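What follows is a short report on a single structure.
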Amino acid sequence: MSVLVVGLSHQSAPVSVLELVALSGDAGTKLLQDAADTEHLAEAVVLATCNRVEVYAEAARFHAGLAEISELLARHTGIPLDGLTPYLYVHYEQRAVAHLYSVACGLESMVVGEGQILGQVRAALARAQEVGTADRVLNELFQQALRIGKRAHTETDIDRVSRSIIGVGLDLLDRPLAGARALVIGAGSMSALAAATLRQAGATELVISNRTVERAQRLADQVGGTAIRFEPDDLAAAMATADVVVTCTGARQRVLTLAQVRTATAGRPADRPLAILDVALPRDTDPEVRELPGVRLVDLDLISRTGAAQAAASSVDAVRRVVGEEVAVYSSMQRAAQVVPTVVALRSMAADLVDRELKRLSARRPELDQEDRAEIAQTVHRVVGKLLHGPTVRVKELAGQLAGRDYAEALRELFDLDLARVEAVSRADMIEADLVEADLVEADVAGTDVAADVIDGGTE
């Protein structure tokens, strides 16, 4: 099994395509459920943000897994596969791990280094856990990605140079915010960030509108604003007096049409233009609005094209070094884990051999009492265990190196291990073997005879 990621983002597709493939929470959940029913995907996590849709999976086979994920994306986005494929990127094994780590650190974000992606990665994992599509591999990988994302923000200056999409977008509006009257459409996390940013920048009036009035009122209470209904007349009235409009909803249709904005700005003084920041995907605002006189429209398409979102090169390089270090650690751990079934199979073979020889001894020497038999068994187990201890511990250490697989293959060849026995080793057996190995090392260091008892307990 290996990690595979297939997706598209602002780096591979224009906003016009991204808004077509945007997945709501329910749509993402349905994609996860369908992924669970595929033949070659053992686990899956869907990461869907305002500028990316990615499916992470543990795949038994690369080509089969790629085909299944691509088909799922095409079916759930409604875009024919041949129309979607040119925008897809694919990462496998170590490159997939590096990609996720980079995403969690904000290196793949439209605004490089922005911190909101960590919450989105955490939410994606939580949803997969709830649906039951994230098991040991992706659970561990995403938890590591969250830790690495936090490390990047703690150990580098990426926070100093990175800003949220909201911050960059408001700058691009080129409109003084101090004393401004603002309308925020939506009450999700991005809208809450926008409202808080506007208030901090000195906006004197904040109006919040949302389909669910209770959510609008809750956000309005938090930022000292006023809540209104999500109705055309209410929006038009608020827009007519607003200086700045920020919109970020999950609507599939336009929230602000060309006609609505034209009406709201009719008769507006030339020295009081309307500034609109649209950070929704799909876009809430008709792109033709930017052609209206007295209107300044900034959306994700403009943000991605300006280059205003780029962080300082030195900070980005520092984060890339963090990602590189962590990918190397992950790869080393994976190589070491690959040798564990071989070690367990060797110990199992040795235990079977000891048991057979002890049974032969019992048949040849029936006069031995129970105490003698127990002492002989303990001695034989101790000798075999100590003979295997050094090679198995050393092969685990060597397995973390780039040629780790070669050491496991050498061990199988030297001891003529049955490959079927190796592949049949269960995870419970591997965990038990690791515990036995740890206890054995501790016992040897202490210089006691506990090792014999550990070996007896671990093989019988």
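Arranged from highest to lowest average of other beta-carbon atoms within 10 Å per residue, in what order do the peptides 75-87, 230-242, 33-45 appear?
The peptides rank, most packed first, as 33-45, 230-242, 75-87.
Quick check: the angle from helix 62-77's long axis to the longest principal axis of the chain, C-alpha only, nearest 10 degrees?
The helix 62-77 is inclined about 30 degrees to the chain.
Please give the helix 25-36 orientation as an angle from the longest Cα principal axis of the chain, in degrees from 0 to 90, rounded to the nearest 10.
So the inclination is approximately 30 degrees.
Against the longest alpha carbon principal axis of the chain, how many degrees, from 0 to 90 and to the nearest 10, is the axis of helix 232-241 turned?
70
Can you tell which of Ala123, His76, Thr38 lies farthest toward the positive end of the dipole of region 2-161, using +1 and -1 charges on the Cβ of basic and acidic side chains (Lys, Arg; Asp, Glu)?
Farthest towards the positive pole: Ala123.
Using unit Cβ charges (K, R positive; D, E negative) and no other charged atoms, how large, in debye to the nearest 20, is the dipole of the chain about its Cα centre?
Working: 47 positive and 66 negative charges, 363 e Å.
Result for the chain is approximately 1740 debye, rounded to the nearest 20.
Could you tell me, in Å, what Rg and Dmax come out for the Cα atoms of the chain?
Cα only, the chain: 30.1, 112 Å (Rg, Dmax).
In whole angstrom, note down how far apart the Cα centers of region 233-271 and region 48-78 are.
When both Cα centres are located, 37 Å separates them.
Estimate the FRET efficiency between Arg373 and Leu353 by the formula 1/(1 + (r/R0)^6), using the beta-carbon distance for r and 22 Å for R0, to the nearest 0.05.
It comes out at approximately 0.80.
Positive end of the dipole of the chain, charges at C-beta (+1 Lys, Arg; -1 Asp, Glu), about the Cα centre: which of Tyr87, Ala67, Ala270 has its Cα farthest in that direction?
So the residue we want is Ala270.
Bear in mind these aren't lab numbers, they're just calculated from the coordinates by the rules spelled out. Quantities reported herein were computed from a predicted structural model and do not represent experimental measurements. Heads up, the Cβs are rebuilt from the backbone with ideal geometry, glycines too, and the neighbour counts pull from every protein chain shown.
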